[in-house]
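Engineer: Please see the structure below; I have some questions.
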Amino acid sequence: MASKTTRTPATRRKKLEHYADAKPDQSWPRELYALLKTQNIQQLALVPDAGHAPLIKLCEADPSMTMVRLTTEEEGVALLGGAWLGGQRGVLLMQSSGVGNCINMLSLSSMCQFPLLMLITMRGDHGEFNAAQIPMGQATQTVLEAMGVIVKRADAADEVIEAVEGAMKLAYNGYRATAVLLGQKLLGAKDFRKLAQAA
């Protein structure tokens with residue numbers, strides 16, 4: 001009779017933090033998820049991003065929410081326009097580096113007058129280590145406003161819900177494009193060198 005071999009489960013590598021000064025156990029992602037639920041947000045269009053990860057995980061676990069991963073950020077503008085025509089509310093999640101991809105497509109929201117809510121995690125902002133992220137990060141708010149987007153900003157945990165709730169009301173009551181910028185003071189400054197040193 002062959003002896004049974006007992007396999008020892010592989011030890012999982014500790015998940016490394018992408019942010020040099022991250023604030024991991026903040027409650028605002030859970031509060032933000034609850035707000036999205038309260039406001040009947042059913043579709044999330046996103047390009048995956050570490051800054052949005054806690055919110056994405058909560059929404060992924062909710063069967064009433066449809067997650068659509070985009071190949072490029074501007075697809076989300078058209079997708080949410082279609083969602084609105086189909087009777088559903090949605091939100092576009094992206095990083096500030098993806099805002100430049102959306103500029104031409106933002107005219108769709110303006111011309112067709114459908115509500116568009118964007119939550120944007122910032123790069124090129126407080127404590128940025130990657131010089132290539134700085135130009136778009138510094139231009140994000142100016143570029144969005146030039147396209148007629150109403151921009152709010154949250155740099156602290158206690159500012160997030162008020163900013164997003166206000167942006168939602170402007171979007172859905174006024175049929176406008178709105179964006180909330182989630183600053184690096186809130187998220188922590190990303191530093192991939194920390195990952196390299198810990199690997």
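The values are calculated or read from the model by the stated rules, or taken from the named source; none is laboratory data. Source: prediction; values computed, not measured. Neighbour counts are summed over all protein chains in view; Cβ atoms, including those assigned to glycine, are modelled from backbone coordinates with ideal geometry. Heads up: the accessible areas ignore ligands, DNA and RNA and are worked out on the full protein's heavy atoms, side chains in. Shrake-Rupley method; radii C 1.70, N 1.55, O 1.52, S 1.80 Å.
Engineer: For A156 paired with A139, estimate the spin-label separation in nm (one decimal), with each label point 7 Å from Cα along the Cα-to-Cβ line.
Structural biologist: Reported label-point gap for A156 and A139 is 3.2 nm.
Engineer: Please work out the Cα center distance from region 48-114 to region 125-183, rounded to the nearest Å.
Structural biologist: Measuring centre to centre over Cα atoms gives 14 Å.
Engineer: Now, a different point. How many nm is it between the label spots at A132 and N173, if each spot is 7 Å from the Cα in line with the beta carbon?
Structural biologist: Here the answer is 4.3 nm between the modelled labels.
Engineer: Modelled label-to-label distance, E60 and Q26, 7 Å Cα→beta-carbon offset: nm?
Structural biologist: For E60 paired with Q26, the spin-label model returns 2.0 nm.
Engineer: Express in nm, to one decimal, how much length is gained between E165 and I103 on full extension, taking 0.36 nm for each residue of separation and deducting their alpha carbon distance.
Structural biologist: Details: separation 62, 0.36 × 62 = 22.32 nm, distance 2.38 nm.
Stretched fully, the E165-I103 segment lengthens by 19.9 nm.
Engineer: Ignoring ligands, DNA and RNA, please state the percent of accessible area on region 41-198 from carbon and sulfur, probe 1.4 Å. Intermediate values should be presented prior to the final figure.
Structural biologist: Values: 3620 of 6870 Å².
The C+S portion of the solvent-accessible surface of region 41-198 is 53 percent.
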